[in-house]
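Q: My questions all concern the structure below.
The values are calculated or read from the model by the stated rules, or taken from the named source; none is laboratory data. Please read all numbers here as calculations on a predicted model, not as lab measurements. Positions of Cβ are generated from backbone atoms using ideal geometry, with glycine treated the same way; all protein chains shown enter the neighbour counts.
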Amino acid sequence: MLSLVLLVAPALLVGPARLASPSRALGAGRTAALRMESEDGLEVVMDAEERMAKSVASMQDKLMTLRVGRASPSMLDRVEVDYYDVPTPLNQLGSITVSGSNQLVISVYDTSCLGDVEKALSLSDLGMTPNSDGKVIRLNVPQLTEERRKELAKSAKAFGEEGKTAIRNVRRDAIDKIKKMEKDGMGEDESANLQIDIQEVLKKSEAEADKAVKQREEDIMTI
């Protein structure tokens, strides 16, 4: 009797493909290796990306407060008033409207703080003198001189550097978390890959910050 030998081919064990992180598009040039990363590690990357995006958005909001062309209520977004010993954004203390093309009118809800609002405006870097009639405050927005445009362009660069410093701090915190995970047992390869992801997110955020600053500088310097 012939013995039948059953040959069983061993199954190839192929691990699941690596979960795609929000920054995966940035790593198109990287080796397409199949690997698994811990959920905690990916969460660190995603959290860093979210925090960097918020930092860039905050920087963009500051850029928009720099005056370009016609008067706009957003010019006063950075002004804070010492309201009962609490620094309070001016736009929370009253309404700001545009009169004509070069005048801002501020109507405060609590007229007792009118003097505090005037003081805050005078101490700001707006370069405008507030005029109060006891009810509302008016700000005449002067035409931008070349010298003033250059000053505003410098402010735009400063806001950009502040924004990039913020996102680099986020990168540092995220890297520290990954390194701690490595000490607690995470594999070296996984740690290295996650740090690469974080660096990619940083580069993307820095590029967005640089683009926003460049655009605002062009807006400011365009006469």
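Q: Quickly run through the stretch 177-198 and pick out the residues that are in a helix (DSSP H, G or I) and buried (at least 16 other Cβ atoms within 10 Å of the Cβ).
A: LYS177, ILE178, MET181, GLU182, GLU190, SER191, ASN193, LEU194, GLN195, ASP197, ILE198
For (1) surrounded by 12 or more Cβ atoms within 10 Å (Cβ to Cβ); (2) of a type in the set (Val, Ile, Thr); (3) in the same structural domain as ALA207 (by TED's automatic domain parsing), each residue gets a yes or a no:
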residue	(1), (2), (3)
GLN103	yes, no, no
SER112	no, no, no
GLU118	yes, no, no
SER124	yes, no, no
VAL136	yes, yes, no
GLY163	yes, no, yes
ILE167	yes, yes, yes
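Q: A further question on this structure: Give me the residue from the stretch 155-194 that is of a type in the set (Lys, Arg) and over 23 Å from the mean Cα position of the chain (by Cα) and, out of that set, nearest to ASP219 (Cα to Cα).
A: Here the residue is LYS179.
Q: Please determine whether any residue of the stretch 43-56 is in contact with a Gly (Cβ under 9 Å, 6 or more places away or on another chain), in a helix (DSSP H, G or I) and modelled with pLDDT of 75 or more.
A: yes
Q: So how many residues does the stretch 140-176 have that are under 21 Å from ASN91 (Cβ atoms) and either without any contact (Cβ under 8 Å) to a residue 40 or more places away in the chain or part of a loop (DSSP other than H, G, I, E, B) (or both)?
A: 2
Q: Any idea which residue in the stretch 199-223 is nearest to ALA53 (Cα to Cα), counting only those that are surrounded by fewer than 19 Cβ atoms within 10 Å (Cβ to Cβ) and among the hydrophobic types (A, V, I, L, M, F, W, C)?
A: ALA207
Q: I'd like the full set of residues that are in contact with a Leu (Cβ under 9 Å, 6 or more places away or on another chain), part of a loop (DSSP other than H, G, I, E, B) and over 29 Å from LYS157 (Cβ atoms), limited to the stretch 66-112.
A: Within the stretch 66-112, TYR109, ASP110 meet the criteria.
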